[in-house]
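Engineer: Can you read through this structure? Questions will come right after.
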Amino acid sequence: QVQLVESGGGLEQPGGSLRLSCAASGIIFRISTMGWYRQAPGKERELVASITSGGTSNYADSVKGRFTISRDNAKNTVYLQMNSLKPEDTAVYYCNRHPPIVAAWGQGTQVTVSS
């Protein structure tokens, strides 16, 4: 059974930083492309960033240059470093394989950017 547990969200001011973590189990993490997704109120869930097993990363245009995805295969964990946060980054953030395993969505972690 796949389990994905996100953490690290919170309330941050514009321009601030947060680091999200996602611990994965039940998948062969080291060979999986992993992604961070987000869903803002009233909007569809979108892919924010992905990272291949070899460490190649891709980003949505809206976060390019501000967010960095990384992974630790020894810990089965993927991270999202978010800098220069903007109010439009406010959303629930989820991790999953990319493409996602539909049954594996976790609870996500809320990120709120507001002054």
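Engineer: Just to be sure I follow the definition: excluding the sites themselves, where is the longest run in the chain that has none of the trypsin sites (Lys or Arg not before Pro) in a DSSP loop with at most 14 other Cβ atoms within 10 Å?
Structural biologist: Values: sites that count: 43, 64, 75.
The longest uninterrupted stretch comes out as 1-42.
Engineer: Let me ask something additional. Run the 1.4 Å probe and let me know the accessible area of residue 33, rounded to the nearest 10 Å².
Structural biologist: 40
Engineer: Taking Rh as the Kirkwood radius, which is the inverse of the mean 1/r over Cα pairs, what is the Rg/Rh value for the stretch 20-62? List each step's numbers first, then the result.
Structural biologist: Details: Rg = 11.9 Å, Rh = 11.7 Å.
We get a ratio of 1.02 for the stretch 20-62.
Engineer: How large is the convex hull of the C-alpha atoms of the stretch 1-94 per residue, in Å³?
Structural biologist: 92
Engineer: As an exercise, identify the GluC sites (Glu not before Pro) in the stretch 9-115 lying in DSSP coil whose Cβ has no more than 14 other Cβ atoms within 10 Å.
Structural biologist: In loop regions of the stretch 9-115 (DSSP not H, G, I, E or B), the sparsely surrounded GluC sites (Glu not before Pro) are 44.
Engineer: Whole Å is fine, so just give me how far the alpha carbon centre of the stretch 62-115 lies from that of the stretch 1-61.
Structural biologist: A separation of 3 Å, based on Cα centres.
Engineer: Test of understanding: in a Gaussian network model of the chain with alpha carbons linked when under 10 Å, which of 70, 17, 62 would top the mean-square fluctuation ranking?
Structural biologist: It is 62.
The values are calculated or read from the model by the stated rules, or taken from the named source; none is laboratory data. Because the structure is a prediction, the values reported are computed rather than measured. Cβ coordinates were reconstructed from backbone atoms using ideal geometry, including for glycine residues, and neighbour counts include every protein chain displayed. Just so you know, the surface numbers come from the protein's heavy atoms only, side chains and all, with ligands and any DNA or RNA stripped out. Shrake-Rupley method; radii C 1.70, N 1.55, O 1.52, S 1.80 Å.
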